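Worksheet: one structure, shown below.
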């Protein structure tokens with residue numbers, strides 16, 4: 001079981017630790033519901049150092065990243081971040097990821113559970129290109145400051161003009177005297193920043209942020225609240241909502257796929273799927289009856305099974321059960337009323353327009 005650079009801090013705070021993606025990670029500090037509301041109303045500090053970071057450089061770095069990801073990388077300006085997906089030849093999703101465009105290289109940020117798999121996938125493809133691919137995951141620590149007060153807290157520790165940093169953009173600067181990548185990104189739907197830095201200075205940065213955040217009631221947040229926060233935004237979780245058996249078109253990630261741009265891996269399969277028509281879609285739904293939807297629960301239209309839940313639980317903000325599910329066409333349409341089987345009981349659900357709550361990222 002690996003440990004992040006913040007493990008000793010988590011233990012000192014008596015966090016509840018659980019195995020996650022090969023790491024011993026904090027699932028909660030005070031409690032999932034309380035931490036969720038703290039991020040929505042104040043600010044939270046997340047250890048997300050389990051995420052993976054790959055560097056791609058060389059004379060054909062652009063061509064390589066264009067081939068292995070589905071979005072239009074050539075459209076990126078230096079300092080811009082792009083959400084994208086990597087696909088297999090059959091259109092199934094290898095992973096969803098962030099692409100960071102530097103002057104002379106790219107950084108790919110991948111999901112923790114997929115680091116080894118993703119790197120092997122990329123290494124099998126890089127021989128066709130003049131590139132150097134390196135895995136920096138073990139050298140990079142990553143903190144996320146998220147919530148309405150995130151900018152006010154971080155601004156106390158840097159001369160960088162955070163108000164000028166647009167959503168899904170980044171810069172290199174100093175926070176608490178430590179040089180790092182300051183990224184205007186996050187997984188909560190709130191105003192927030194992600195800070196990529198060397199593992200050796202990780203504890204010093206945590207302590208500086210917590211001290212600067214005292215007047216704003218900054219609190220440490222675990223993976224449990226991170227999951228409920230992302231669910232309210234309908235942000236996909238790899239291994240639940242997307243995987244090698246799903247395509248980005250089925251997952252409603254077509255906005256992160258540029259079928260008109262180049263010949264990326266999986267493009268032909270996705271074009272064929274579009275031509276033949278999609279049989280299912282990932283949708284957001286709300287419980288109409290009292291009950292908690294969980295992954296794997298089956299969904300019905302009368303007596304016909306038409307889908308299954310991929311993510312679900314209680315929304316701390318809406319005070320009701322919400323979830324994501326793959327639903328067969330044509331039952332995926334907004335306002336369609338269906339039934340979910342929860343331990344042998346058929347309860348009502350309704351397909352709704354995502355996200356479940358309004359974004360507050362600006």
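The values are calculated or read from the model by the stated rules, or taken from the named source; none is laboratory data. Since we're looking at a predicted model, the values are computed, not measured. Reconstructed Cβ throughout: ideal geometry from the backbone, glycine too, with neighbour counts over all protein chains shown.
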Does residue 193 satisfy the condition of being modelled with pLDDT of 95 or more, crowded, with 19+ Cβ neighbours inside 10 Å, touching a helix residue (DSSP H, G or I) at 6+ places or on another chain (Cβ under 9 Å) and in the same structural domain as residue 34 (by TED's automatic domain parsing)? yes
Among (1) out of contact with any helix residue (DSSP H, G or I) (no Cβ under 9 Å at 6 or more places or on another chain); (2) within 27 Å of residue 190 (Cβ to Cβ), where does residue 116 come up short? (2)
Could you say whether any residue in region 298-317 is within 25 Å of residue 187 (Cα to Cα), in contact with a helix residue (DSSP H, G or I) (Cβ under 8 Å, 6 or more places away or on another chain) and buried (at least 21 other Cβ atoms within 10 Å of the Cβ)? yes
Considering each residue of region 265-288, count those that are in a loop (DSSP other than H, G, I, E, B) and touching a residue at least 60 places away in the same chain (Cβ under 8 Å), and give that number. 3
With the condition kept exactly as written, say whether any residue in region 304-312 is under 24 Å from residue 40 (Cβ atoms), outside the structural domain of residue 147 (by TED's automatic domain parsing) and free of Cβ contacts under 8 Å to residues at least 40 places away in the same chain. yes
Could you list all residues from region 82-96 that are closer than 26 Å to residue 164 by Cβ and crowded, with 22+ Cβ neighbours inside 10 Å? 84
Residues that are out of contact with any strand residue (DSSP E or B) (no Cβ under 7 Å at 6 or more places or on another chain), under 30 Å from residue 206 (Cα atoms) and in a helix (DSSP H, G or I): does region 249-264 have at least one? no
Being touching a strand residue (DSSP E or B) at 6+ places or on another chain (Cβ under 6 Å) and either at pLDDT below 95 or over 28 Å from residue 2 (Cβ atoms) (or both) is the filter here; which residues of region 166-183 pass it? 168, 169, 171, 173
So for region 6-17 (the condition being part of a loop (DSSP other than H, G, I, E, B) and closer than 22 Å to residue 181 by Cβ), does at least one residue qualify? yes
Please determine whether any residue of region 318-330 is in a loop (DSSP other than H, G, I, E, B) and either over 19 Å from residue 227 (Cβ atoms) or more than 27 Å from the chain's Cα centre (by Cα) (or both). yes
Residue by residue through region 211-242, note down the ones that are part of a loop (DSSP other than H, G, I, E, B) and farther than 18 Å from residue 310 by Cβ. 213, 217, 218, 222
If you take the residues in region 53-76 that are under 18 Å from the mean Cα position of the chain (by Cα) and surrounded by 24 or more Cβ atoms within 10 Å (Cβ to Cβ), which one is nearest to residue 135 (Cα to Cα)? 69
Please work out if residue 37 is assigned to a helix (DSSP H, G or I) and either surrounded by fewer than 16 Cβ atoms within 10 Å (Cβ to Cβ) or within 21 Å of the chain's Cα centre (by Cα) (or both). yes
Which one of the conditions (1) under 11 Å from residue 222 (Cβ atoms); (2) surrounded by 22 or more Cβ atoms within 10 Å (Cβ to Cβ) does residue 43 fail to meet, given that it meets all the rest? (1)
Can you tell me which of 249, 237, 211 is closer than 30 Å to residue 153 by Cα, surrounded by fewer than 21 Cβ atoms within 10 Å (Cβ to Cβ) and outside the structural domain of residue 152 (by TED's automatic domain parsing)? 237
